[in-house]
Amino acid sequence: SRKTIMPITLGYWDIRGFAAPMRMICQAGGIEYNEEVFSLDESKGGPTKWFADFKPKLIKINPCITLPYIQDGDDVITLSSACFFYLGRKTDMLGGTEQQKQRVEATIFMCFDLRSEAVKLLYGPKDAYDEGAKKHLLPGVNGKTGHTYLQLLNDCCKIYGTKFVAGDKLSVADCVLYEMAVMHDAWAKAEGVPTYLDKDDFKELNAVIEAVRSEPKLASYFKSADYNALPYNNTVAHFHLNDVDN
């Protein structure tokens with residue numbers, strides 16, 4: 001894996017979101033990093049800090065620039081998937097064998113699908129959220145719902161039969177899966193519907209989540225303000241609060 005001489009910079013909103021797995025990967029993989037934090041709160045610089053102060057400079061290096069991004073020396077990496085795989089290559093956390101790599105990739109992209117469906121509700125019109133949130137979180141609804149995706153992810157964990165998604169070692173996929181699972185669990189709790197991580201039909205998924213929580217390399221992360229204080233989503237989302245999942 002490529003070694004970083006200087007600490008890298010992670011740029012993202014002042015939330016957990018897709019920056020949470022990036023922080024987890026860096027801490028588990030021993031990558032030193034600083035953060036450039038952006039906020040919708042005007043007292044913290046507001047959107048102007050990103051759109052007027054940072055984006056115009058970074059777009060000259062990477063025309064695709066958006067949040068999140070990584071600045072590593074002269075390199076600027078952007079888009080969540082590219083950031084995950086970049087950090088995964090640097091930390092050797094993408095799986096060792098071909099089978100492990102396939103499991104890591106499939107889990108990450110399924111989590112992206114899950115996140116995409118959630119974002120449509122969380123950041124969409126309020127009436128659509130009121131109508132669709134519980135359908136997204138509850139079983140028995142056909143289509144691309146949070147419950148459906150989490151059930152598929154649980155089934156994958158059951159078939160794999162390993163401590164983590166891709167084997168006995170923590171991977172990028174575990175970090176992404178962790179954040180998506182606990183966010184949905186807290187969201188279900190907020191909506192007053194059955195949660196996922198204490199149910200027998202999500203036993204295998206819960207076992208992976210517990211393995212991630214118990215990973216010694218992540219002990220400092222789970223004690224940090226990044227984990228315990230930052231909201232899951234931005235304040236404009238219909239659900240964003242962090243009901244610490246431990």
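The values are calculated or read from the model by the stated rules, or taken from the named source; none is laboratory data. Since we're looking at a predicted model, the values are computed, not measured. Ideal geometry is used to build each Cβ from the backbone, glycine not excepted, and the neighbour counts take in all protein chains shown. What goes into the accessible areas is simple: the full protein's heavy atoms, side chains included, and nothing from ligands, DNA or RNA. Shrake-Rupley method; radii C 1.70, N 1.55, O 1.52, S 1.80 Å.
Which of the numbered conditions does Thr195 fail, given that it passes all the others? Conditions: (1) open to solvent by 20 Å² or more (accessible area, probe 1.4 Å); (2) under 25 Å from Ser81 (Cβ atoms); (3) among the polar types (S, T, N, Q).
Condition (2) is where Thr195 drops out.
Pick out, from the range 189-244, the helices (runs of 4 or more DSSP H) lying fully within it that include 3 or more residues that are under 17 Å from the mean Cα position of the chain (by Cα). Spell out the reasoning first.
Working: elements: 203-213, 219-222, 225-228.
It comes to 203-213, 225-228.
Quickly run through the range 70-102 and pick out the residues that are open to solvent by less than 40 Å² (accessible area, probe 1.4 Å), outside any loop (DSSP other than H, G, I, E, B) and in contact (Cβ under 8 Å) with a residue 60 or more places away in the chain.
Result: Ile70, Asp72, Ser80, Cys83, Phe84, Phe85, Leu87, Gly88, Lys90, Thr91.
Residues that are buried (at least 17 other Cβ atoms within 10 Å of the Cβ), at pLDDT 95 or above, at negative phi and in contact with a Ser or Thr (Cβ under 7 Å, 6 or more places away or on another chain): does the range 18-27 have at least one? Working first, answer last.
If we filter the range 18-27 for residues that are buried (at least 17 other Cβ atoms within 10 Å of the Cβ), which is where we start, we get 18-27.
Applying the additional criterion that residues be at pLDDT 95 or above yields 19-27.
If we keep only those that are at negative phi as well, we get 19-27.
Still in the running and in contact with a Ser or Thr (Cβ under 7 Å, 6 or more places away or on another chain): 25, 27.
Yes, the range 18-27 contains a residue that is buried (at least 17 other Cβ atoms within 10 Å of the Cβ), at pLDDT 95 or above, at negative phi and in contact with a Ser or Thr (Cβ under 7 Å, 6 or more places away or on another chain).
I'd like the full set of residues that are of a type in the set (Val, Ile, Thr) and either closer than 20 Å to Ala19 by Cβ or modelled with pLDDT of 95 or more (or both), limited to the range 159-200. Lay out the reasoning, then the answer.
Narrowing the range 159-200 to residues of a type in the set (Val, Ile, Thr): 159, 162, 165, 172, 176, 182, 193, 195.
Across the range 159-200, the qualifying residues are Ile159, Thr162, Val165, Val172, Val176, Val182.
Given the criteria polar (S, T, N, Q), at pLDDT 95 or above and either at positive phi or outside any loop (DSSP other than H, G, I, E, B) (or both), does Thr66 qualify? Lay out the reasoning, then the answer.
Working: polar (S, T, N, Q): yes; at pLDDT 95 or above: yes; either at positive phi or outside any loop (DSSP other than H, G, I, E, B) (or both): no.
So Thr66 does not fit the description; no.
Any chance you could count how many residues in the range 36-58 are more than 22 Å from the chain's Cα centre (by Cα), closer than 16 Å to Thr9 by Cβ and of a type in the set (A, V, I, L, M, F, W, C)?
Final tally of qualifying residues: 2.
Taking the options Asn154, Asn228, Asn206, Asn234, name whichever one is under 26 Å from Ala133 (Cβ atoms) and touching a strand residue (DSSP E or B) at 6+ places or on another chain (Cβ under 9 Å).
Only one candidate qualifies: Asn234.
Would you pick out the residues in the range 86-141 that are farther than 29 Å from Asp72 by Cβ and touching a Lys or Arg at 6+ places or on another chain (Cβ under 7 Å)?
Within the range 86-141, Glu117, Val141 meet the criteria.
Does Asp226 meet the test of being farther than 19 Å from Ala188 by Cβ and either open to solvent by less than 60 Å² (accessible area, probe 1.4 Å) or charged (D, E, K, R) (or both)? It would help to see each step written out before you state the result.
Numbers: farther than 19 Å from Ala188 by Cβ: yes; either open to solvent by less than 60 Å² (accessible area, probe 1.4 Å) or charged (D, E, K, R) (or both): yes.
Yes, satisfied.
Could you grab me the full set of residues in the range 207-223 that are more than 12 Å from Met24 (Cβ to Cβ) and open to solvent by 40 Å² or more (accessible area, probe 1.4 Å)?
Hits for the range 207-223 are Ala207, Glu210, Ser214, Pro216, Lys223.
Inspect the range 165-182 for any residue being open to solvent by 60 Å² or more (accessible area, probe 1.4 Å), touching a residue at least 40 places away in the same chain (Cβ under 8 Å) and part of a helix (DSSP H, G or I) and give the result as yes or no.
No, the range 165-182 contains no residue that is open to solvent by 60 Å² or more (accessible area, probe 1.4 Å), touching a residue at least 40 places away in the same chain (Cβ under 8 Å) and part of a helix (DSSP H, G or I).
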